[in-house]
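Only one structure is covered here, and it is reproduced in the block below.
No value in this document is a laboratory result; all are computed from the given coordinates. As the structure is a prediction and not an experimental result, all values here were calculated from the model. All Cβ positions, even for glycine, are placed from backbone atoms using ideal geometry, and neighbour counts span all protein chains on display.
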Amino acid sequence: MDENRALTELIEGRLKPAVYQWRAPAMPSAGLAAASWPERAREAGWKVFYLNGRRARDKRSFLGLCREAFDLPEWAGRNWDALADCLRDLSWAPADGGHLVLYEAWDELAEADQRAFRTALDIFADAVEYWRDTGTPMTVLLSSIGVEVAGVPKLG
């Protein structure tokens with residue numbers, strides 16, 4: 001299944017929400033009517049979060065990245081437990097279709113701080129499980145171009 005079809009299957013509820021490795025399809029060329037994948041997800045009622053991990057090389061910088069990307073409330077703590085709690089709440093980020101997280105450059109954290117990366121994956125997996133059987137499931141996509149994560153299935 002190609003990346004575009006996999007995304008369609010996911011946002012239309014025919015594919016199980018999970019943490020996946022995914023290669024984002026190329027953006028449409030200028031002048032084409034096709035919407036980009038984030039626009040497609042938003043049009044289907046999904047709240048899209050984008051984590052650019054290029055500068056997240058340890059626990060502290062990753063938590064800061066999440067605070068910004070998820071627009072976490074001021075009351076949220078700055079630790080793993082707080083992030084896990086917030087991802088199981090999301091009351092400040094309503095969505096009709098679901099919550100879609102794209103985490104790019106995750107390999108920066110994986111290479112620099114393997115323990116923090118594995119903790120982040122565990123937190124994402126727990127959040128996905130929490131939302132799985134609701135009307136607003138969560139899926140996390142680890143952008144994968146050339147680098148793969150052992151034990152994380154591929155989407156597409």
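Work the Kirkwood hydrodynamic radius out for segment 34-103: mean of 1/r over every pair of different alpha-carbon atoms, inverted, in Å.
12.9
Among ALA82, VAL48, LEU65, whose Cα sits farthest toward the positive end of the charge dipole of segment 39-140 (+1 at Cβ of Lys/Arg, -1 at Cβ of Asp/Glu, about the Cα centre)?
LEU65
Report the Cα centroid-to-centroid distance between segment 118-150 and segment 67-87 in angstrom, as an integer.
16
Could you work out how far helix 59-69 tilts from the main Cα principal axis of the chain, as a 0 to 90 degree angle to the nearest 10?
Approximately 40 degrees, to the nearest 10.
Please tell me the relative contact order of the chain in percent, rounded to the nearest whole number, where contacts are Cα pairs under 8 Å and at least six residues apart.
37
Hey, got a sec? Which GluC sites (Glu not before Pro) in segment 51-148 land in a DSSP loop and have at most 16 other Cβ atoms within 10 Å?
Qualifying residues, ordered by number: GLU74, GLU148.
Radius of gyration and Dmax for segment 68-156's Cα atoms, expressed in Å?
My reading of the Cα-based Rg and Dmax gives 13.4, 38 Å.
Tell me, what is the percent relative contact order of segment 86-156, built from C-alpha pairs under 8 Å that lie six or more residues apart?
In percent, rounded to a whole number, it is 44.
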